[in-house]
Amino acid sequence: MADTAIAHDHDSDHGAHVTSTGLSNTKLGMWMFLGSECLLFGGLISTYMLYKGRVNSGPQPDQIFDIPFTSVSSFVLLMSSLTMVLAVSAAQRKDDRNTNLWLTITALLGATFVGGQVYEFTAFYREGLGFTTSLFGSSFYTLTGFHGVHVSVGIIMLMALVGMISRNRVPGNKAESVEMVGLYWHFVDIVWIVIFTLVYLIPS
Amino acid sequence: MSTATDHSATAEHSSEHTEEHHGASDKQYIVIALILAALTAIEVSTYYVDFGPLFMPTLFVLMTVKFVVVVSYFMHLKFDNKLFSYLFYSGLILALTVYIGALSTFKFFLQKG
């Protein structure tokens, strides 16, 4: 019984709970959510693939895509995955200072990516590609817009986490909270890996 | 008493799982990121260099490798419990099956061929 009490005290220190699987339910839930997100983005990517050649008016994909610019954006998002994993690593070492530093850098890199996307959308609109110009335009803006919203939500989550860690107000296991935000962030990155290849690099 | 012991063991296992520093070291993460950056550079080079019939296979292989590396190492699936892998990859495989099937009904692949 004493062992049980000690184990429970130890658990409450780190926010872990006894589960039937021995695994964190939070983490299970997050992976299930990410699995379902594959279906969301799969639908959006498939719709784009189907409609990218349907251009009755307005510019064609290869007429407006700026591959060097998008390549830099992709590189920025890829590097944000590195800074995110370094934040998770620092959180597991209980190094709050470096956790916050890497989380902030990740958020800044994410903001750079979103800024690039806003610039890209503005440039495309000026070149005559509106949301309703063609099926290509509609499916392109829907797909990349949904991804941009996901990145923006990720930035909000990162900044909220930085604020909560600074005030020591993270409920439960701090390292696990950072890891959950990290999983979401990496997912956003892998979705972009697919979008960058299928949308930008493969011509219509 | 044995139940209490089992309970304690499970709790300790759960605690260890969340507390442990699983995955690669920071240096290894940096090396992995550099590899990913190099793969991205090769991807981008397909826009400038004519890869001929290898163009599409090269892009698909690079995309898949980058995807798997990020999921396995940065998302720790390689080091975590297999149940997480089953959850994620079942969603991914379901999505691939459903949408490849859906695109086939629109004769998408025949048009490309």
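Since every read-out is calculated from the coordinates, none of them should be taken as a lab result. What you see is a predicted model, and the numbers here were worked out from it, not measured in a lab. Cβ sites come from the backbone with ideal geometry, for glycine too, and all protein chains shown count toward neighbours.
Not counting the cut sites, what is the longest span of chain A without trypsin sites (Lys or Arg not before Pro) that DSSP labels loop and that have at most 13 other Cβ atoms within 10 Å?
On the way: sites that count: A:Arg54, A:Arg93, A:Lys94, A:Arg167, A:Arg169.
It runs A:95-166.
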Quiz item: Can you put B:Ser45, A:Ser81, A:Ser152, A:Ser177 in order, fewest other beta carbons within 10 Å first?
Solution: B:Ser45, A:Ser152, A:Ser177, A:Ser81
Self-check item: Over the protein assembly as shown, equivalent-ellipsoid semi-axes from the Cα gyration tensor in Å
Solution: 40, 21, 17
Practice problem: Name the lysines eligible as straight-distance cross-link partners of A:Lys27: C-alpha to C-alpha under 20 Å, and not fewer than 8 places from it in the same chain. | Solution: A:Lys94, A:Lys174, B:Lys78, B:Lys82
Quiz prompt | Charge-dipole axis of chain A as Lys and Arg at +1 and Asp and Glu at -1 on Cβ define it, positive-most pick from A:Leu103, A:Tyr51, A:Val88 | solution = A:Tyr51
Quiz prompt | Residue-averaged [θ]222 nm for chain A, counting only DSSP H segments that reach four residues, each worth -39500 (n - 2.57) | solution = -26500 deg cm²/dmol
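State which helices in chain A qualify, where a helix is a whole DSSP H run, it must extend 15 Å or more along its own axis by its Cα atoms, and its mean Kyte-Doolittle hydropathy must be at least -0.5.
A:25-51, A:67-92, A:96-126, A:135-166, A:174-195
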Practice problem: Extending each Cα 7 Å along its Cβ direction at A:Gln63 and A:Ile202, get the distance between those two points in nm, one decimal. | Solution: 2.3 nm
Self-check item: Modelled label reach - B:Phe109, point 7 Å along Cα→Cβ, region A:38-53 residues with backbone N closer than 20 Å
Solution: A:39, A:42-53
Quiz item: Setting aside same-chain residues fewer than 8 positions from A:Lys52, which lysines have a Cα under 30 Å from its Cα?
Solution: B:Lys66, B:Lys107, B:Lys112
Self-check item: Extension gain, A:Ser36 back to A:Lys94 (0.36 nm per residue minus Cα-Cα distance, nm)
Solution: 17.8 nm
Quiz prompt | Euclidean distance between Cα centres, region A:150-187 to region A:50-129, Å | solution = 19 Å
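Just in region B:26-113: which chymotrypsin sites (Phe, Trp or Tyr not before Pro) are loop by DSSP and have at most 14 other Cβ atoms within 10 Å?
Here the sparse-neighbourhood loop sites are B:Phe51, B:Phe79, B:Phe106.
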Self-check item: Computed over chain A: relative contact order in percent, which uses C-alpha pairs under 8 Å that are six or more apart
Solution: 33 percent
Self-check item: Principal axis dimensions, region A:24-201 - Cα atoms, whole angstrom, descending
Solution: 56, 28, 22
